[in-house]
Amino acid sequence: MMEERTPVAMEGQGSEDRRSAFLQLRVTPKMHATIARLALDQGNITLRALIMNALKQTYGLDVPDEELRDRRGRQPRPALLKETDDG
C-alpha cells in the first residue's frame, strides 16, 4: 500500500486557511480614485480592508476580523469633519 504524502512545496506552510494567495485587479484611474475615496470615507481604512469587507458583506464570504485590520499597524484616522455655514 502506498503512503500518501504532502508535496514538499506544501510542507511547513501551515493550513490552507492560514496561507494566502495574491489577487490583483486592474481598474481605471478614475475607479481607483473612487475606491480610495470610499476607503477614506469609511474611517481611512486601507483599500484591502475596504474590498475584503465588501466581499464579506456582499457575498457572505468568511473574512476574519483580523483580515480587516491594517497589516502595517497604521491606526484608522477619523474622517475629516465637513465645515458648515451655521455661523
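The values are calculated or read from the model by the stated rules, or taken from the named source; none is laboratory data. Quick caveat: nothing in here was measured; it's all calculated off a predicted structure. Here the Cβ is made from the backbone with ideal geometry for all residues, glycine too, and neighbour counts use every protein chain on show. Protein only, heavy atoms only, side chains kept; ligands, DNA and RNA dropped before computing areas. Shrake-Rupley method; radii C 1.70, N 1.55, O 1.52, S 1.80 Å.
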For this session: Being open to solvent by 90 Å² or more (accessible area, probe 1.4 Å) and assigned to a loop (DSSP other than H, G, I, E, B) is the filter; apply it to the range 54-71 and report the residue that is modelled with the lowest pLDDT.
Result: Arg71
Seminar exercise, completed: Checked against (1) open to solvent by 100 Å² or more (accessible area, probe 1.4 Å); (2) at pLDDT 90 or above; (3) among the acidic types (Asp, Glu), Asp41 satisfies every condition except (1)
For this session: List every residue pair whose Cβ atoms lie under 9 Å apart, where the two residues are 6 or more positions apart in sequence or sit on different chains, the first residue falls within the range 24-40 and is part of a helix (DSSP H, G or I), and the second residue, located anywhere, is open to solvent by 90 Å² or more (accessible area, probe 1.4 Å).
Result: Leu40/Leu80
Exercise. Regarding Ile51, is this residue closer than 19 Å to Leu23 by Cα, open to solvent by 60 Å² or more (accessible area, probe 1.4 Å), at pLDDT 75 or above and of a type outside the set (Lys, Arg)?
Worked result: yes
